[in-house]
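Accompanying notes for the structure given below.
The values are calculated or read from the model by the stated rules, or taken from the named source; none is laboratory data. Being a predicted model, the structure only gives us computed values, none of them experimental. Cβ placement follows ideal geometry from the backbone for every residue including glycine, while neighbour counts extend to all protein chains displayed.
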Amino acid sequence: MIAAVLGVAAILGATPASPGADRHYWIDQLGLPRAWRLSQGDGVTVGVLDTGVDGGLPDLAGAVLPGRAFPDLGNGVDDAWGHGTAVAMLIAGRGRSGATTGVAPHAMILPVTTAGTAETVEDAIRWLVDQHVKVINLSVGRQGTAGGNASSAFDAALRYAGERDVVVVAAAGNSAEDAGVVSPANRPGVVAVSAVDRSGAFRPDISVEGPQVALSAPGADLVTATEVRTGTLGRDGTSYSAALVTGVIALVRARFPRLGAAEVVRLVESSARDAGAPGRDPRYGYGVVDPVAALSSAVPADPLATRAAERTSRGWGWVLPVAGGVAVVVAAAGAALVGLRRRSSA
């Protein structure tokens, strides 16, 4: 049974305004005003597999493409709960009238919802890949078990994404529900993201930990959720952390369009701010994501040749010994949540 786990300056145009540090603290914590001088995600489409996205919100107007539901029950990708909308705002919110400015405010969002079965999730991932998205924020997973669940139910679709140069990002899982990083995000080719707070410290009361964690990002006290559906969504969760990392991937893909997926992931991981034990560790992975460092990094002299060599040597599991994390919720398109359990937090 599938289960819900969660929740430039002159050249590129005007730099988005930074809201108050307390209200949207992660913007300054991640150095986004500096990052936006280098990239704002132009030309990058992000696939968001979640509860749908409310593209009618002023903060997302013009940012959301027509999506699809799997199966199609006639309700499209309307977001009755708000979780997917909050995730989309963190990735690509336009920041109008002091509302949330996403990490990649010029990127586009392509939403999908599923019935939560392995078949519909795989269909959704493949469809997103076929629409030429550059990164997928994958918000589906199986229930956590002690030591994590190593289910390979989604491997075919994940392989399909990896072979077609798409980065897949997912949340590591929430400690209130999960004992460890769970499938499909602990599978090869998926980047798992854990949660830190505004001080940059890992939050064991919010996030799981495990050897598959690749990166960490803010996931505590994010007000975007309550801006979308007050009283329905919590402010904490690794799905929010994953959304921020997804936005960073979009920034990098826009700035370095010749880099392949493996190179983009390596760049973001190698430029992360190390935290916890030196090197990679099960709480922070390679560290707290650092968009300014990633966007300022040197790139390979011949990225196309490097990409071909990596695919030959690594196969579809191209991410550095990183696997991934589980995420968010999957909503049945329209009415009931089939085989899912809702959670108040992301």
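Rundown of residues vs (1) in contact with a His (Cβ under 8 Å, 6 or more places away or on another chain); (2) modelled with pLDDT under 90; (3) polar (S, T, N, Q), yes/no style:
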position: 148; (1), (2), (3): no, yes, no
position: 163; (1), (2), (3): no, no, no
position: 167; (1), (2), (3): no, no, no
position: 191; (1), (2), (3): no, no, no
position: 198; (1), (2), (3): no, no, no
position: 207; (1), (2), (3): no, no, yes
position: 210; (1), (2), (3): no, no, no
position: 213; (1), (2), (3): no, no, no
Q: Kindly indicate whether any position in region 303-320 is in a helix (DSSP H, G or I), at pLDDT 95 or above and of a type in the set (A, V, I, L, M, F, W, C).
A: no
**Q.** Single residue of 239, 271, 297 found to be of a type outside the set (Val, Ile, Thr), under 28 Å from residue 206 (Cβ atoms), in contact with a helix residue (DSSP H, G or I) (Cβ under 8 Å, 6 or more places away or on another chain) and at pLDDT below 95
**A.** 239
Q) In region 126-143, what residues are at pLDDT below 95, surrounded by 23 or more Cβ atoms within 10 Å (Cβ to Cβ) and not in a strand (DSSP E or B)? A) 139, 140
Q | Counted residues, region 80-104 - those being in contact with a Gly (Cβ under 6 Å, 6 or more places away or on another chain), at pLDDT 90 or above and in a loop (DSSP other than H, G, I, E, B) | A | 4
Q: Could you please find all residues in region 243-271 being in a helix (DSSP H, G or I) and of a type in the set (Phe, Trp, Tyr)?
A: none
Q: Residues being assigned to a loop (DSSP other than H, G, I, E, B) and either under 14 Å from residue 241 (Cα atoms) or among the charged types (D, E, K, R) (or both): count how many of those fall in region 186-198.
A: 3
Q) Inside region 21-42, can you point out the residues that are touching a helix residue (DSSP H, G or I) at 6+ places or on another chain (Cβ under 6 Å) and of a type outside the set (D, E, K, R)? A) 21, 30, 31, 35, 38, 39, 40, 41
Q) Would you pick out the residues in region 181-209 that are within 18 Å of the chain's Cα centre (by Cα) and among the small types (Gly, Ala, Ser)? A) 183, 185, 189, 192, 194, 195, 207
Q: Quick one: in region 29-54, of everything that is assigned to a loop (DSSP other than H, G, I, E, B), out of contact with any Pro (no Cβ under 8 Å at 6 or more places or on another chain) and surrounded by fewer than 24 Cβ atoms within 10 Å (Cβ to Cβ), which residue is modelled with the lowest pLDDT?
A: 54
Q: Could you grab me the full set of residues in region 43-70 that are in contact with a helix residue (DSSP H, G or I) (Cβ under 7 Å, 6 or more places away or on another chain) and closer than 10 Å to residue 113 by Cβ?
A: 48, 49, 50, 51, 52, 53, 68, 70
Q.
Need the failing condition index for residue 14 against (1) modelled with pLDDT of 95 or more; (2) not in a helix (DSSP H, G or I), just the number.
A. (1)
